[in-house]
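Engineer: Mind looking over this structure? Questions follow.
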Amino acid sequence: MTTLTTGAVANSPALRACVPHEATQKQGATNAAMAADMASVRLGDQNHRPVVEPEDSVPETVYVVYLPYLPIAERMGVGDWETIPRSDLSEDDCLDARTMELAQGLAEIYALPARTPTPVGAFGRPRRGYVGDDPQDRQRLHDLQRAVVVAVLDINQSPLLAEDERDPNFGHYAMTSDNATVVAHGINYKGGYTGALTGSRVRRSELGLMVLG
């Protein structure tokens, strides 16, 4: 991942060639800042963040895709997603530091009791985006969940094993489709609140949940 800085752009020979020799030092700095803004583009699989983030560019809502019950020790690619262990999330994975803070706050809401032997929880990051980006298409979330369901069930003990070959304690660590649960929350960027929709036959909405205590 490459981050363009004002200094790097200002020292670029290509940029210096575009600035008249008689330009003042102040004008040169202004041109460098403008070039840094324009350099925030997406090229292929590589994302470049804006160097300058004025107040009016702050998003109203950031979106966090989370798999709260997935036991995972390292990053894994799942289709056009990357699953990131909760403890491994970094600012580089997110839109900015505030988004990372909100994402970790959301994870804390879903945290299981400390006695859980295996760490669980993973963030979903689009391969060509960041944690905080709008998933846009709900189908992408369904595809992620289906792929993870297959993966977690596949590691279970085969029911075709002979009885004398089966682990009698298998039930204590068996994986279920619940481990592949995928949730997506829109979180208010400034206020830090979100909502939740639960239930199947009877739907229940909860609004104004604060992800930061």
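Engineer: Every residue in the stretch 81-98 that is touching a Phe, Trp or Tyr at 6+ places or on another chain (Cβ under 8 Å) and closer than 21 Å to Asp137 by Cβ, please.
Structural biologist: Those that are touching a Phe, Trp or Tyr at 6+ places or on another chain (Cβ under 8 Å) and closer than 21 Å to Asp137 by Cβ: Thr83, Ile84, Asp93, Cys94, Leu95.
Engineer: Just give me the residues in the stretch 156-181 being surrounded by 11 or more Cβ atoms within 10 Å (Cβ to Cβ) and part of a loop (DSSP other than H, G, I, E, B), in sequence order.
Structural biologist: Asn156, Gln157, Leu161, Arg166, Asp167, Ala174, Met175, Thr176, Thr181
Per-residue answers, yes or no, for (1) outside the structural domain of Asp178 (by TED's automatic domain parsing); (2) charged (D, E, K, R); (3) more than 16 Å from Val183 (Cα to Cα); (4) in a helix (DSSP H, G or I):
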| residue | (1), (2), (3), (4) |
| --- | --- |
| Tyr66 | no, no, no, no |
| Thr99 | no, no, yes, yes |
| Ala114 | no, no, yes, no |
| Arg128 | no, yes, yes, no |
| Gln136 | no, no, no, no |
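Engineer: So Thr118 fits all but one of (1) part of a loop (DSSP other than H, G, I, E, B); (2) in contact (Cβ under 8 Å) with a residue 24 or more places away in the chain; (3) under 26 Å from Met210 (Cβ atoms); what number is the exception?
Structural biologist: It is condition (3) that Thr118 fails.
Engineer: So which residues in the stretch 184-205 are touching a Leu at 6+ places or on another chain (Cβ under 8 Å), part of a strand (DSSP E or B) and not polar (S, T, N, Q)?
Structural biologist: Listed by number, the residues that qualify are Ala184, His185, Ile187, Tyr193, Gly195, Ala196, Arg204.
Engineer: Residues being surrounded by fewer than 14 Cβ atoms within 10 Å (Cβ to Cβ) and either modelled with pLDDT under 95 or within 14 Å of Pro135 (Cβ to Cβ) (or both): count how many of those fall in the stretch 77-98.
Structural biologist: Within the stretch 77-98, residues that are surrounded by fewer than 14 Cβ atoms within 10 Å (Cβ to Cβ) and either modelled with pLDDT under 95 or within 14 Å of Pro135 (Cβ to Cβ) (or both) number 4.
Engineer: May I pose another question? Quick one: how many residues across the stretch 154-213 are at pLDDT below 85, touching a Lys or Arg at 6+ places or on another chain (Cβ under 9 Å) and polar (S, T, N, Q)?
Structural biologist: 1
Engineer: Exactly one condition in (1) outside any helix (DSSP H, G or I); (2) surrounded by 14 or more Cβ atoms within 10 Å (Cβ to Cβ); (3) in contact with a helix residue (DSSP H, G or I) (Cβ under 9 Å, 6 or more places away or on another chain) is false for Val148; which is it?
Structural biologist: (1)
Engineer: When the residues of the stretch 117-134 are narrowed to those that are modelled with pLDDT under 90 and out of contact with any strand residue (DSSP E or B) (no Cβ under 6 Å at 6 or more places or on another chain), which ends up surrounded by the most Cβ atoms within 10 Å (Cβ to Cβ)?
Structural biologist: Pro119
Engineer: State which residue pairs qualify: first residue without any contact (Cβ under 8 Å) to a residue 12 or more places away in the chain and inside the stretch 154-183, second residue in a helix (DSSP H, G or I) and surrounded by 10 or more Cβ atoms within 10 Å (Cβ to Cβ) in any location, beta carbons under 9 Å apart, and separation of 6 or more residues or different chains.
Structural biologist: Pairs that qualify, where the first residue is without any contact (Cβ under 8 Å) to a residue 12 or more places away in the chain and the partner is in a helix (DSSP H, G or I) and surrounded by 10 or more Cβ atoms within 10 Å (Cβ to Cβ), are Asp167/Tyr173.
The values are calculated or read from the model by the stated rules, or taken from the named source; none is laboratory data. From a predicted model like this one, the values you see are computed outputs, not experimental measurements. With ideal geometry, Cβ positions are generated from the backbone for all residues, glycine too; neighbour counts draw on all protein chains shown.
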